[in-house]
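Peer 1: Pasting a structure here, questions to come.
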Amino acid sequence: MSGDEKTGFLMKVIGPKKRWRAYKGRVKELPESHRTAVEAVERYLMHFVPTDGDSNAAMFEDLADLFEQAAADGALIRSIVGEDPVAFADEFAQNYSDGGYVPARARKQLTEGIERAAGIKAGNEDTTV
């Protein structure tokens, strides 16, 4: 790996490609509702300033761990993220990053993504396991 690859912007955002691909593979295996929720949180987390690629890779791996365990336990989306998905994602990111600017549009997209995952938009509560 060249020096540019180790310090490049993409490396800082997602971490090593091998770890990113492994994370994406894990997310793909989640039940649809959990996968939709993870993808919504992931989009939101991309707005945070990464401290380094390893921290960001660990953040996404831990996100996958959380939702894999929740899916295995049959937990509903709202029992994971609560009623305020923005607060959940902000608190989750604080463990890995110094923060960042998150535009209002991204906050709205996160909330809508979680609502979709939880089945609220369709009028039926998330009952998938």
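The values are calculated or read from the model by the stated rules, or taken from the named source; none is laboratory data. None of these values were measured; they are calculated from a predicted model. Don't worry about glycine lacking a Cβ; one is built from the backbone with ideal geometry, like all the others, and counts go over all protein chains shown. Remember, those area values only see protein heavy atoms, side chains included, never the ligands or the DNA or RNA. Shrake-Rupley method; radii C 1.70, N 1.55, O 1.52, S 1.80 Å.
Peer 1: Consider Glu68 against the criteria (1) modelled with pLDDT of 95 or more; (2) in a loop (DSSP other than H, G, I, E, B); (3) not hydrophobic (A, V, I, L, M, F, W, C): it satisfies all of them except one. Which criterion is unmet?
Peer 2: Failed condition: (2).
Peer 1: Right, another one. For segment 2-14, state whether one or more residues are part of a loop (DSSP other than H, G, I, E, B) and either modelled with pLDDT of 95 or more or not basic (Lys, Arg) (or both). Walk me through it before giving the result.
Peer 2: Here is the first cut: in segment 2-14, the residues part of a loop (DSSP other than H, G, I, E, B) are 2, 8.
Now drop any that are not either modelled with pLDDT of 95 or more or not basic (Lys, Arg) (or both), which leaves 2, 8.
Yes, segment 2-14 contains a residue that is part of a loop (DSSP other than H, G, I, E, B) and either modelled with pLDDT of 95 or more or not basic (Lys, Arg) (or both).
Peer 1: Further question: Does segment 70-115 hold any residues that are touching a helix residue (DSSP H, G or I) at 6+ places or on another chain (Cβ under 6 Å) and within 15 Å of Leu30 (Cβ to Cβ), and which are they? Please lay out each step first, then the result.
Peer 2: Of all residues in segment 70-115, those touching a helix residue (DSSP H, G or I) at 6+ places or on another chain (Cβ under 6 Å) come to 70-71, 77-78, 80-82, 85-86, 88-89, 93, 96, 106-107, 110-111, 113-114.
Those that are touching a helix residue (DSSP H, G or I) at 6+ places or on another chain (Cβ under 6 Å) and within 15 Å of Leu30 (Cβ to Cβ): Ala70, Ala71, Ile77, Ile80, Val81, Gly113, Ile114.
Peer 1: Please verify whether Gly53 is among the small types (Gly, Ala, Ser) and at pLDDT 95 or above, treating the condition exactly as stated.
Peer 2: Values: among the small types (Gly, Ala, Ser): yes; at pLDDT 95 or above: no.
Against the criterion (among the small types (Gly, Ala, Ser) and at pLDDT 95 or above), Gly53 does not qualify.
Peer 1: Could you please let me know if Phe48 is buried (at least 22 other Cβ atoms within 10 Å of the Cβ) and at pLDDT 95 or above? Lay out the reasoning, then the answer.
Peer 2: On the way: buried (at least 22 other Cβ atoms within 10 Å of the Cβ): yes; at pLDDT 95 or above: no.
Spelling it out, it is not the case that Phe48 is buried (at least 22 other Cβ atoms within 10 Å of the Cβ) and at pLDDT 95 or above.
Peer 1: What is the number of the single condition among (1) without any contact (Cβ under 8 Å) to a residue 60 or more places away in the chain; (2) part of a helix (DSSP H, G or I); (3) surrounded by fewer than 16 Cβ atoms within 10 Å (Cβ to Cβ) that Gln109 does not meet?
Peer 2: Result: Gln109 passes all but (1).
Peer 1: Still on this structure, I have one more. Out of Glu115, Glu39, which single residue is in a helix (DSSP H, G or I), open to solvent by 60 Å² or more (accessible area, probe 1.4 Å) and at pLDDT 90 or above? Talk me through it step by step, then tell me what you get.
Peer 2: Working: Glu115 fails: open to solvent by 60 Å² or more (accessible area, probe 1.4 Å).
The match here is Glu39.
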